[in-house]
Structures are given as C-alpha cells and as structure tokens.
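Student: Supplied in structure tokens, the structure appears directly below.
The values are calculated or read from the model by the stated rules, or taken from the named source; none is laboratory data. As the structure is a prediction and not an experimental result, all values here were calculated from the model. When we count neighbours, we look across all protein chains shown, and the Cβ atoms used for this are built from the backbone with ideal geometry, even at glycine.
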C-alpha cells in the first residue's frame with residue numbers, strides 16, 4: 001500500500017514536504033496541502049465520534 005501510494009502520488013510525504021517545497025514545486029505544494037487537509041479532517045472526524 002505504501003509503495004502504491006508513493007507511486008501514485010509521485011513521491012512520499014517526506015519527499016514532497018522537504019525537497020518539493022524547497023524547490024517550490026507546484027505539485028508538491030498541492031500534495032502537502034492535501035496531506036494536511038486530510039489529516040485535519042481525520043482528526044476532527046475522530047474527535048467528533050469520541051474516538
């Protein structure tokens with residue numbers, strides 16, 4: 001699953017966050033924004049469910 005996700009996203013979260021943002025890659029900026037948004041939504045959902 002990790003390998004599939006890395007291949008589908010053209011890199012891993014660390015690669016996008018560290019190297020992609022350092023080179024001002026638009027693809028990496030979009031990927032990092034997506035990762036952060038998904039994390040915020042997941043935490044809000046779990047807290048809303050009382051988990």
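Student: Could you grab the pairs with beta carbons closer than 7 Å, sequence gap of 6+ or different chains, first residue in region 25-39 and on the phi > 0 side of the Ramachandran plot and free of Cβ contacts under 8 Å to residues at least 40 places away in the same chain, second one surrounded by fewer than 12 Cβ atoms within 10 Å (Cβ to Cβ) and assigned to a helix (DSSP H, G or I)?
Tutor: Filtered contacts from region 25-39: no entries.
Student: One residue is enough: does region 16-30 have a residue meeting the conditions assigned to a loop (DSSP other than H, G, I, E, B) and modelled with pLDDT under 80?
Tutor: Within region 16-30 (the criterion being assigned to a loop (DSSP other than H, G, I, E, B) and modelled with pLDDT under 80), the answer is no, since none of the residues qualifies.
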